[in-house]
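Here's the structure, in structure tokens; my notes come after.
The values are calculated or read from the model by the stated rules, or taken from the named source; none is laboratory data. Note that this is a predicted model, so its numbers are computed, not measured. Glycine also receives a Cβ, built like all others from the backbone with ideal geometry; neighbour counts cover every protein chain displayed. Keep in mind that these areas ignore ligands, DNA and RNA; they rest on the heavy atoms of the full protein, side chains included. Shrake-Rupley method; radii C 1.70, N 1.55, O 1.52, S 1.80 Å.
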Protein chains: 2
Amino acid sequence: MKELFGGPGRVSGLLLRLGQCLFGCASIGVMISAPGFFNSTAFCYLIASMGLEVLWSLGLAILDLHALSSKKNLQNHVFLSLFVVGDWVTAILSLSAVCAAAGVTVLYARDLHSCKKPPYISCNEFQLSVALAFISWFLLAISSHVMFWLLATI
Amino acid sequence: MKELFGGPGRVSGLLLRLGQCLFGCASIGVMISAPGFFNSTAFCYLIASMGLEVLWSLGLAILDLHALSSKKNLQNHVFLSLFVVGDWVTAILSLSAVCAAAGVTVLYARDLHSCKKPPYISCNEFQLSVALAFISWFLLAISSHVMFWLLATI
């Protein structure tokens with residue numbers, strides 16, 4: 001059993017998963033609080049993608065907690081393959097959603113200057129939500145790479 | 001020496017690199033031919049990112065060609081580490097650029113309906129460029145995963 005930072009059934013892994021949930025939820029909350037977010041497909045996609053990431057990470061956090069409390073070993077081939085596929089699908093969806101939302105936010109804020117003239121757009125909320133989603137994706141990216149490395153070296 | 005599809009110094013690896021160059025160049029060409037692309041930061045970022053990907057893939061294609069003609073082995077730890085870092089940085093930048101451009105294209109085409117009313121926006125060119133860039137990123141993603149797997153198992 002390899003002892004790698006962020007691996008399944010470790011405290012660092014559990015903290016990474018909890019961080020993903022926390023920042024994902026914060027991103028959804030801020031986006032929903034911004035009026036008019038539903039006018040852009042990219043922002044709706046960000047909410048859906050962060051929702052999926054929160055559910056996935058919460059599930060794995062509960063599994064990590066169970067493994068820690070019962071001292072079970074999660075590092076077998078079947079579990080790791082499942083974690084790798086789930087992590088990579090979720091990570092790629094999250095990154096695409098973050099970047100699409102960031103592209104639209106930059107278009108509003110820098111290219112169309114829609115933040116300073118009516119009808120006013122909630123640029124600050126959009127930017128904060130994208131930043132929180134990016135942190136959530138970054139933590140998920142660490143988990144994905146650790147899982148992939150563990151699967152390759154098991 | 002592991003014989004993996006798309007590994008460095010193999011014909012499949014060379015074809016992947018050439019595909020990345022080809023689709024990357026096509027994406028840049030189509031985007032540049034669309035009037036008004038420079039009004040959006042996301043489209044300029046797509047051109048810059050595809051330019052970086054084309055340069056990186058062209059360099060590795062030349063290295064693959066050299067390794068094939070002189071029957072050299074590129075699968076040592078130093079080379080693989082370099083390929084992995086370069087591939088991952090380029091792949092993440094490309095995906096973020098593709099998604100940002102896709103987000104803006106969807107905003108124009110579906111949310112603001114800017115394709116059908118004046119001032120007309122070159123939606124077809126934007127969509128084609130994003131699709132070509134996505135194919136280029138997908139080929140790069142295969143290369144990145146193969147390299148990472150080889151580095152982990154070497």
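Looking across region B:61-91, the residues that are open to solvent by less than 60 Å² (accessible area, probe 1.4 Å) and among the aromatic types (Phe, Trp, Tyr) come down to B:83, B:88.
Scanning region A:43-86 for residues that are modelled with pLDDT of 95 or more and charged (D, E, K, R) gives a single hit, A:53. Give the number of residues within region A:92-109 that are surrounded by fewer than 22 Cβ atoms within 10 Å (Cβ to Cβ) and either closer than 30 Å to residue A:60 by Cβ or touching a strand residue (DSSP E or B) at 6+ places or on another chain (Cβ under 7 Å) (or both). Selection size over region A:92-109: 3.
The sole residue among B:122, B:143, B:129 that is touching an Asp or Glu at 6+ places or on another chain (Cβ under 8 Å) and either in contact (Cβ under 8 Å) with a residue 12 or more places away in the chain or at the interface with chain A (Cβ under 9 Å from one of its Cβ atoms) (or both) is B:143. Being at pLDDT below 90, farther than 30 Å from residue B:3 by Cα and open to solvent by less than 80 Å² (accessible area, probe 1.4 Å) is the filter here; which residues of region B:110-154 pass it? B:111, B:112, B:114, B:115, B:121, B:122, B:123, listed by residue number.
Of the set (1) under 30 Å from residue B:10 (Cα atoms); (2) among the aromatic types (Phe, Trp, Tyr); (3) within 13 Å of chain A (Cβ to nearest Cβ); (4) over 16 Å from the mean Cα position of the chain (by Cα), all apply to residue B:79 but (3). With respect to residue B:54, determine if the residue is surrounded by fewer than 18 Cβ atoms within 10 Å (Cβ to Cβ), assigned to a helix (DSSP H, G or I) and more than 11 Å from chain A (Cβ to nearest Cβ). No; evaluated as a whole, the condition is false for this residue.
Here residue B:21 meets the list (1) within 14 Å of another protein chain (Cβ to nearest Cβ); (2) part of a helix (DSSP H, G or I) almost entirely, failing just condition (1). The residues on offer are B:64, B:87, and the sole one that is under 26 Å from residue A:85 (Cβ atoms), of a type in the set (Asp, Glu) and assigned to a helix (DSSP H, G or I) is B:87. Looking at region B:32-51 only, could you name the residues that are under 15 Å from the mean Cα position of the chain (by Cα), surrounded by 17 or more Cβ atoms within 10 Å (Cβ to Cβ) and within 14 Å of chain A (Cβ to nearest Cβ)? Across region B:32-51, the qualifying residues are B:43, B:45, B:46, B:47, B:49.
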